[in-house]
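Bear in mind these aren't lab numbers, they're just calculated from the coordinates by the rules spelled out. Just so we're clear, the structure is a prediction, and the values are computed from it rather than from any experiment. Reconstructed Cβ throughout: ideal geometry from the backbone, glycine too, with neighbour counts over all protein chains shown.
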Amino acid sequence: MSLSSVDGRVLWLLRLMGAASCALVVLILFFLISDSIPALRELGPRLVHDESWHPRELAANGTYGMLPIVIGSLTVTLGAIALAAPLGLGSAIFCQFYAPRPVATVYRRLVELLAGIPSVVYGFWGLAILAPLIAEVLRPPGHSMFAGILVVAVMILPTIALISESALAAVPRATVMGAAALGMGRWSILRSIVLPSARGGILTATILGVARAVGETMAVVMVCGNIVKVPGSVFDSVRTLTANIALEMGYSLGTHRSALFVSGLLLLLTAIGLTLLVAWVERRDPLNGGGGTRG
Amino acid sequence: MSGLSLPTSSGTEERLVTTSIWTIALLVCGVFLWIVSDVVLNGLAGLSISYLVEAPAQGGRAGGILPILVSTLSILAVALIAAIPLGLGTAILLAEFTRRGGTFPTVVARSLDVLAAVPSIVFGLFGNAFFCVWLGLGYSILAGGLTLACMVLPILIRSLEAAFRAIPDEYRLAAAALGMSRTRTTLSVLLPQAAPGLVVGLVLGVGRVLAETAALLFTSGYVDRMPESWLDSGRSLSIHIFDLAMNVPGGEPNAYTSALVLIVMLLLINGAAAWGADRWVRRATGTS
Amino acid sequence: MRLLHSLPLLLATALLSGCTGGSAADGEGNQRQTIRLAGSSTLAPLAIEIGKRFEERNPGVRIEVQTGGSSRGIADARTGAVECGMSSRDLKDSEKDGVRAWTVAMDGVCFLVHASNPVRELSEEQLRGIYTGRITRWSEVGGRDAEIICINRADGRSELELVTKHFGIDPREIDADLIAGENQQGIKMVASDENAITYMSVGASEYEARNGTPIHLLPLRGVEASVATVAGGTYPLSRPLLYVTSDEVAELISRFIEYSRSAEVDDLVKAFSYVPLQR
């Protein structure tokens, strides 16, 4: 089809809009970098080496050790994914292979609803119910890494469940039925045929779960206690990169504000890295990864 | 696809796995019921018409949430007004005016993937640096709405693009045979066809905006009064819940009520999305 | 056109926003003027109420109050980001350049425990021990056999600066279990945990205690923590609540400041359990 002159002009307008959408990523990166530069220049390795996080407006007056906060983010994310990945996958398998059809429909709807609950509501539930429960049954003060891991795990479970389910659904039915005809048991079919061929999609689901867990803010601020210290146990209070920004951005100034932008930049780079990882998984495993990201 | 009738074989391992899978499903249901019943039971106590039409008093412990609802909807309106033209344009570009796999569409699609993975607090930082400080909008409904527009853009574009891609090629060919330009085809043939799909995309975006808290903390601010202009600070419902839960002693009952209002709003919107999607599928497959 | 018909939701929100936009235009017809305040979360609730009363007497004026801590308030006033900053501590020498401070009321900082906590008094040495991690159980200071949940204030809060200065400790020595940002968050944390302790604005604490929040204000050096002792000058840890403006003050803002310092708002100052100015 050839383009008329009107089409040509419209196409340029649309291209401009597409470029603007693209440019947004560049714009975000630019603003985060430009506001990070003062801290990076003045502090540099001190962001890693300083023994504690006591930021001040002037670089010389404060200490800016971000390592405990990075460790806080990592531990909460790893803990949450360790809990949510098996549960999410189990949930997807349940929907596809174990539940009777009506049960599966209702169950899937429920998981979708779970995915739609705002993070501030999860956080509130964690604050009002979970943290006091942990303080009473396990160990005070309740506001702890453990509470954070539980809440974040509940939050990312639907993401993992829904995306891995679409990966499981993409496994060709004929293969599965063929195996069943050979008299293989349900779990044998899953283990030797379905799960290996859905591997890419399940991996994508897990990576996207990690992305959500790293970026989660409100729920974590509300239940983690927010002390900047490398946690000695799961019942200790921790602060994550996201919580750090949410807590201190409101009153931060000068180098302190800039240091918060460094943590934002770190989060952005993590997001870019995880996106590239997903793209790589999809390219390596085009059959199964593809259905995943369009969630 | 579900309920695939696979043989239920015996054997210890098989039975063990079956038990664990069912346990996981029950666990997920249990957690869901726990959270939802907690919010509903505690929230219903404070819910009344007056809660929806009064201004908050004593930091939200008393009174209602009217100014907060107005702020929330204003932020939503700003976000949609900014995001829809850009999102629609980009979606049309990707679906109708470029070939799949070309360099430009691939670059756009990858950028959108990145944008979709950026944590909302990072959007908050960006919004604060760009809209509030650099453009001088301050803590305002405008700054908050524009920040959220950036955040929903990838979701919007993807679902709008999918809506256009779902239209069978016969429409485009028939329009071309009639000598219509591509612009005409898009505006008068494809856009109406894609409309229900567009509604679904829109509704997904609306849900995301309403649920958002972190990106608004330093862009639209905390002021819980009735906003009088786009440049006033306005507190969204999600931030109101956060504030009541964290900063107001005795704020829990009303935090529950506000959470219930927010969840009901989201449920209604999700219902609308499901309804729209259903209509869209029926129309696309030609059954009615 | 058909697209618009299928988007009632968009229309509804657009209409609704049209309403709010419209009222803004009305406001502009009356030459709407806004005074923005930002800073101390101790002073903010009082400033909001003073602002409401000032708005009633001056139609067309809008007073907008954001919290964010004293340092932020002072800095925003210096850069002109807001017309008026709020601080709950004296200005440091490095901050005095180009700004003026106006005392609005007086307040103190006190330590708080849950109302059910049998410990009714702690010496300064015991408090220092609790906050530096040397004392970890309530039984060590005559209380229940339970772990002390020590709540610190976020870095940059004026209370943290006042307390560390008063006790002569470095903020880095503090070994706490949890962190509270705004005043209200700290009060809420103590009210919901029987074994918690934190420190807070005397006014905010007394206000909450009077309204039934289960907290107990600990005396300091044997002096009861109350509005009366702060007013009498006997309470050892007191501080001014300040407005901070640039050197040159516009007419409207100077009228607002004058009003905030006048006897007309003494009842509001007292209602928030702060100490009105001695005139």
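The fraction of Cα-Cα pairs per 5 angstrom bin, counted from 0 for region A:61-293, comes to 1, 7, 13, 15, 16, 14, 11, 9, 6, 4, 2, 1, 0, 0, 0 percent, rounded to whole percents.
Here the relative contact order of chain C, from alpha carbon pairs under 8 Å that lie six or more residues apart, stands at 25 percent. Springs between Cα atoms under 10 Å define the GNM used for chain C, and in it the highest mean-square fluctuation of C:LEU178, C:LEU112, C:LEU218 occurs at C:LEU178. About its Cα centre, region C:108-232 has a charge dipole of approximately 180 debye under the convention of +1 per Lys or Arg Cβ and -1 per Asp or Glu Cβ, with nothing else charged. The dipole here belongs to chain B: it is taken about the Cα centre, uses +1 on the Cβ of Lys and Arg and -1 on the Cβ of Asp and Glu, and is about 880 debye. Beta-bridge orientation, region C:108-232: approximately 70 percent antiparallel, per DSSP, counting only bridges with both partners inside.
Considering chain A as a Gaussian network with a 10 Å cut-off on Cα pairs, which listed residue, A:LEU16, A:LEU138, A:LEU266, attains the greatest mean-square fluctuation? Checking each option, the largest mean-square fluctuation is seen for A:LEU16. Legend: Rg and Dmax of region A:23-140, from Cα coordinates, 21.7, 65 Å. Counting only other chain Cβ atoms within 10 Å of each residue's Cβ, the peptide A:34-43 averages 1.
Other residues with beta-carbon under 14 Å from the beta-carbon of C:GLU251 carry, at +1 per Lys or Arg and -1 per Asp or Glu, a net charge of -2. Simple rule: put +1 on each Lys or Arg Cβ and -1 on each Asp or Glu Cβ in chain B, find the dipole, and look at B:ALA175, B:ALA194, B:ALA211; the Cα lying farthest toward the positive end is B:ALA175.
Putting +1 on Lys and Arg Cβ atoms and -1 on Asp and Glu Cβ atoms, find which of C:PHE54, C:VAL202, C:GLY133 reaches farthest to the positive end of the dipole of chain C. Of the candidates, C:PHE54 comes out farthest on the positive side. Contact order for chain A, expressed relative to its length and based on alpha carbon pairs under 8 Å spaced 6+ residues apart, stands at 27 percent. Considering helices alone, the calculated mean residue ellipticity of chain C at 222 nm is -11500 deg cm²/dmol, with DSSP H runs of length four and up weighted by -39500 (n - 2.57) and normalised per residue.
Between region A:109-187 and region C:223-279, the C-alpha centres lie 52 angstrom from each other.
Two-decimal Rg/Rh of region B:51-285 from alpha-carbon positions, Kirkwood Rh? Please list the in-between numbers first.
Working: Rg = 20.1 Å, Rh = 19.1 Å.
Taking Rh as the inverse mean 1/r over Cα pairs, Rg/Rh reads 1.05.
Dipole size of the protein assembly as shown about its Cα centre, with +1 on Lys/Arg Cβ and -1 on Asp/Glu Cβ: approximately 2920 debye, rounded to the nearest 20. Taking the convex hull of the alpha carbon positions in region B:155-258 and averaging its projected area over all directions gives 9.4 nm². Using C-alpha pairs below 8 Å separated by at least 6 residues, the relative contact order for region B:51-285 is 28 percent.
Of all DSSP bridge pairs formed entirely within the protein assembly as shown, close to 65 percent run antiparallel. When region A:152-259 is described by a simple charge dipole with +1 on each Lys and Arg Cβ and -1 on each Asp and Glu Cβ, the residue from A:GLY209, A:THR240, A:VAL176 located farthest towards its positive end is A:VAL176.
Relative to one another, the C-alpha centroids of region A:193-257 and region A:1-50 are positioned 25 Å apart. The Cα-based radius of gyration and maximum Cα-Cα distance (Dmax) for region C:108-232 are 13.1, 37 Å.
Under the √(5λ) rule applied to the eigenvalues of the Cα gyration tensor, what semi-axes describe the equivalent ellipsoid of chain C? Give them in Å, descending. Display every interim value, and only then the final one.
Numbers: eigenvalues 304, 122, 61 Å².
They are 39, 25, 17 Å, listed largest first.
For chain B, adding -39500 (n - 2.57) for each run of n ≥ 4 DSSP H residues and dividing by the number of residues yields -22500 deg cm²/dmol at 222 nm.
Among C:PHE111, C:PHE167, C:PHE54, which one shows the biggest mean-square fluctuation in a GNM of chain C, springs joining Cα atoms closer than 10 Å? Among C:PHE111, C:PHE167, C:PHE54, the largest mean-square fluctuation in the Gaussian network model of chain C belongs to C:PHE167. Calculated [222 nm] ellipticity per residue, helices only, for chain A: -23000 deg cm²/dmol; basis is -39500 (n - 2.57) per DSSP H run with n ≥ 4, divided by all residues, nearest 500. Remark on C:ALA115: its backbone amide H falls under 5 Å from those of C:ILE215, C:HIS216, a criterion applied only to residues 5 or more positions apart or on other chains, H modelled at 1.01 Å from N. Counting only Cα atoms, the protein assembly as shown measures 88, 71, 55 Å along its principal axes, largest extent leading.
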